[in-house]
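Derivation of every value follows stated rules applied to the coordinates shown; laboratory data play no part. Just so it is clear, the structure is predicted and the values come from calculations on it, not from any experiment. Every residue, glycine as well, gets a Cβ built from its backbone with ideal geometry; the counts of neighbours run over all protein chains shown.
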Amino acid sequence: MTRKNLAIEHQELERPTTPIARLLESKYAVVFGAGGSLGAALAKEFAAQGARVFLAGRTMYNLEQVAKQITAAGGEAETTVVDALDDAGVNRYLDGVAKQAGKIDIVVDVTGPLVSEYGNGKVAVELSVAEFMAPLTTIVKSHFITARAAARHMINQKSGVIIFVTGSPARPHVAGATAIGAAFGAIENLTGNLAFEVSPYGVRVVCLRTVANVDSRSIQDTMEFVAGRMNISKEQAIGQVATSNFLKTPATVKDTANAAVLIASDRARMMTGTVVNASAGAALD
């Protein structure tokens with residue numbers, strides 16, 4: 001090889017590579033329930049993909065811990081204590097975000113009750129009326145409140161994405177998920193109805209149906225209950241859930257967050273009024 005060729009090769013090696021474009025660059029995202037395991041994963045992935053994130057939840061300490069992780073990684077995050085069941089409070093909060101940021105590009109609500117409050121793992125005939133109603137009076141109510149408030153701003157700005165997150169119990173396939181399944185079914189129906197009304201204004205509404213995220217608090221708590229009833233270890237119970245999908249591999253909150261990023265991005269600009277089935281075959285349509 002000649003000296004000239006060596007010089008050219010050296011220049012090629014030193015040539016700077018083009019940075020990979022982040023999917024949510026310059027977008028503003030609001031995450032309700034950001035202090036929980038799934039909400040934190042969503043917020044961190046949104047920030048990693050370039051979004052400035054607004055973290056809302058009921059416990060400031062949890063929100064601050066998530067915000068610290070985001071800022072330590074070079075992202076931008078702000079925290080506010082907000083009860084997603086407080087209609088007036090949610091509207092005031094999103095009014096403030098819109099005024100500060102100038103727009104709201106993404107809103108996702110993953111708030112919900114503890115699994116003990118809705119008897120997850122119990123078969124239907126063992127559920128109390130209060131347990132059955134818990135997801136409906138919390139998840140469905142809060143998601144309507146936050147989505148409606150977000151839609152009002154997004155309609156005015158003629159853009160935005162509202163993301164709902166459900167799970168495989170939205171399609172009956174396992175015993176012990178009656179209450180949460182009913183709520184998830186309602187959310188998936190809300191997705192279509194809301195999208196029908198707001199999409200003509202440039203607002204997308206998409207539901208992400210995931211499968212049991214084995215590292216989420218809800219699944220960890222549920223598997224502890226199931227393990228006790230089946231007289232097996234918690235690890236064995238989680239293992240059974242992890243292999244219940246077609247891929248025979250456990251899903252994590254990171255998987256759900258990655259899917260949400262795609263839905264929130266402009267690459268999914270033609271998706272609205274639909275359920276993105278990321279259940280790995282565990283809940284077929």
| remark: For the range 81-205 the translational diffusion coefficient, Stokes-Einstein from a Kirkwood Rh over Cα pairs at 37 °C and viscosity 0.692 mPa s, in µm²/s, is roughly 215 µm²/s
| What FRET efficiency would be calculated for the residue pair T80, Q157, taking the C-beta separation as r and a Förster radius of 25 Å, to the nearest 0.05? | 0.75
| message | Below 19 Å, Cα to Cα, which aspartates and glutamates can K141 reach? Residues fewer than 8 away in the same chain don't count. | response | D83, D86, D87, D109, E117, E131, E188, E197
| Segment E25-A88, length gained on full extension (0.36 nm per residue, minus Cα span) | 19.7 nm
| query | What nm value, rounded to one decimal, do you get for the distance between R217 and M270 when each label is placed 7 Å out toward the C-beta? | reply | 4.0 nm
| query | What ranking of H143, H173 emerges when the number of other C-beta atoms within 10 Å of each C-beta is taken as an exposure proxy, fewest first? | reply | H173, H143
| remark: Plugging the Cβ-Cβ distance of S116 and D285 into 1/(1 + (r/R0)^6) at R0 = 30 Å yields, to the nearest 0.05, a FRET efficiency of 0.50
| query | Along the principal axes of its C-alpha atoms, what lengths does the chain span, in descending order and rounded to whole Å? | reply | 81, 48, 38
| field | Mean separation of Cα contacts under 8 Å (6+ apart) over length of the chain, as relative contact order % | value | 18 percent
| query | Using a basic spin-label model with each label point 7 Å from the Cα along Cα→Cβ, how many nm lie between H173 and L262? | reply | 1.7 nm
| query | Based on the Cβ-Cβ distance from D95 to S233, what FRET efficiency comes out when R0 is 51 Å, to the nearest 0.05? | reply | 0.55
| What is the Rg over Rh value, at two decimals, for the range 22-109, using alpha-carbon atoms and the Kirkwood definition of Rh? | 0.94
| query | What 222 nm value per residue comes from the helices of the chain, counting each DSSP H run with n ≥ 4 as -39,500 (n - 2.57) and dividing by all residues, nearest 500 deg cm²/dmol? | reply | -14500 deg cm²/dmol
| field | Dipole magnitude (debye, nearest 20) for the range 28-151, charges at Cβ of Lys, Arg, Asp, Glu | value | 220 debye
| task | Give the order of L284, L247 when sorted by the count of other beta carbons within 10 angstrom, beginning with the fewest. | result | L284, L247
| note | The exposure ranking of I232, I219, fewest beta-carbon neighbours within 10 Å first, is I232, I219
